[in-house]
1. Please list 453-459, 137-143, 318-324, 357-363 highest first by mean number of surrounding beta-carbon atoms within 10 Å per residue.
2. Search the structure for amide H atoms under 5 Å from the amide H of residue 419, placed 1.01 Å from N in the peptide plane, and list their residues when 5 or more places away or on another chain.
3. Can you list which of the trypsin sites (Lys or Arg not before Pro) found in the range 379-457 are DSSP loop residues with at most 13 other C-beta atoms within 10 Å?
4. Determine the dipole magnitude for the range 324-471: charges of +1 sit on the beta-carbon of Lys and Arg, -1 on that of Asp and Glu, nothing else is charged, the reference point is the Cα centre, and the result goes in debye to the nearest 20.
5. Return the FRET efficiency for the residue pair residue 156, residue 468: r is the Cβ-Cβ distance, R0 is 56 Å, and the value is rounded to the nearest 0.05.
6. Say R0 is 56 Å: what FRET efficiency, to the nearest 0.05, do residue 264 and residue 118 get from their beta-carbon distance?
7. Can you bin the range 107-146 into rounded, prolate or oblate? Criterion: square roots of the alpha carbon gyration tensor eigenvalues sorted a ≥ b ≥ c, rounded for a/c under 1.5, prolate for a/b above b/c, oblate for the rest.
8. Return the distance in nm (one decimal) between the two label points of a simple spin-label model at residue 440 and residue 105, each offset 7 Å from Cα along Cα→Cβ.
Amino acid sequence: MRRRWSLVVGACAAVTLAGVGAIGYLGDGDPGTPGVAVWNAAGVTSARTPGAPIASATPDATTAPRPVPTTEAAPPPKAAEPTPTGAAREGETADAGQPIGTVERVNRTLGYAGAARRTTLRFPGAEYVKVHFSRIALLPGDYLTVSDPHGRESHRYEGVTRDAVTGLTRAVLDPGAPDRDGERWAMSVSGDTAVVELHTGGTDPLGLKSALADLGVGIDRVARGYTRPERVEAAREPAPGPAGPGREESVCGGDEKSDAVCYRATNPMAYTRSKAVARLLINGTELCTAWRVGAQNRLVTNNHCFSTSKDAYNTEVWFNYQCARCGGYDVYQSTKVWGDKVLATDRTLDFTLFTVESFASVQKFGFLTLDTARPAAGTQLYIPQHPAGDPTAIAMSSGERGSNCAVDNPAYTGYASASDVSYYCDTEGGSSGSPVLSRTTNKVVALHHFGGCPNSGVRADLLYERIKSLV
């Protein structure tokens, strides 16, 4: 493994964070333990007293919780409409690469022989901070940490003695991998401040620190999450043209997605299946959704989210990023792993099959299976997803049609004739790559990728034929 890191989380502690969707981790992240973090709405703060129950933050008028799901009568089966031909219909766009942040240029150095050992990077109001190292060259036994100011979230990195050698090996075997001199992105920390610290040994029996004073750490860029005003402004920007690499508001009528946990009692199967769905943070500034397919180390997202191993390598994959209470702002401690290798990708079917590092740490969240048959019109659906990068939500109702979300046309045109299944289930930018599941079989019948009402996903039976030998 070319990146060594560990997450260090402190015990119950008060937290006050600014920005949109800021997270303060408060526990050990066991998926069965609720309230291990607080997901703050913009301009909202929350605090936890040690030993006391966690109180959900009170949202303001612009950040109300998602609605609690209601039970609706299933609509009668609907005959398929004539199959569209040609390009994706006018006004329809891929839900891809939802922008969530920007990259700032910085110039910080940590090192030996009197150089600084610690630096703080703060961007007031940012949702997260993600540091890019232009160089990591450390003496044996020394290491780096990237943490929030209170040490509740901390990631550890080792340097030239192990990672640089492994990085060189990857560069030879995989030309798409990062540079061989230790250049890499760190895992993000939540909130608007990151503290980078070089930890050195107390002794230097060989006198290397004076002889190798040119070793050290360089920081040249920081990806940071949008502030609240920036996020609002980004949402106002018009979507690009048909099937372009942009954001598409795909809420059909009123937004009736609900927090995944809202279904824990009423639809435990849908809630359990949602655990296999992950949030992607791609190259530090864009969002998509992915999910485990099959029992092996295999995940699926859209081709328009990323398509190369180089991008997979720089993608964070967050499992268990879910609200702990229906309509609340407490969230579970997410398990973050790095993407690794792209095994297959295709633009027409808009899929990428990839692996992750540290696979053993995410196996407990389960996996999904592909349905090998095309769904019929009227098939009842649900879509677990990370809309706009929020904690997992499930779309199971359709406001525009006043009925449960269901297959509208099982032979809809996406990037190819009859390649898609269409539906009016609510999605948003950032939902690209989400699984569309049948409520009857709880298998994946489509890979969501288009918005426009109807929204659509690539047929799972076509996807299965392309990747069956790999899963």
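Each reported figure results from applying straightforward, stated rules to the coordinates on display, with no laboratory input. Everything numeric in this text was worked out from a predicted model, so none of it was measured. No Cβ is skipped: glycine too gets one built from the backbone with ideal geometry, and neighbour counts run over all protein chains shown.
1. On the way: 453-459: 27.1, 137-143: 18.1, 318-324: 24.0, 357-363: 15.6.
Highest mean packing first, the order is 453-459, 318-324, 137-143, 357-363.
2. Answer set, sorted by chain and number: 414.
3. Details: sites: 401, 439, 443; in loops: 401, 439, 443.
Hits after loop and neighbour filter: nothing returned.
4. Numbers: 12 positive and 14 negative charges, 69 e Å.
Dipole magnitude for the range 324-471 comes out near 340 debye.
5. Details: r = 39 Å, r/R0 = 0.70.
Step by step, r from the Cβ atoms, then E = 0.90.
6. Values: r = 43 Å, r/R0 = 0.76.
E(calc), rounded to 0.05, equals 0.85.
7. On the way: a/c = 2.56, a/b = 1.96, b/c = 1.31.
Prolate is the answer for the range 107-146, as a/c is 1.5 or above and a/b outweighs b/c.
8. So the label points at residue 440 and residue 105 sit 5.8 nm apart.
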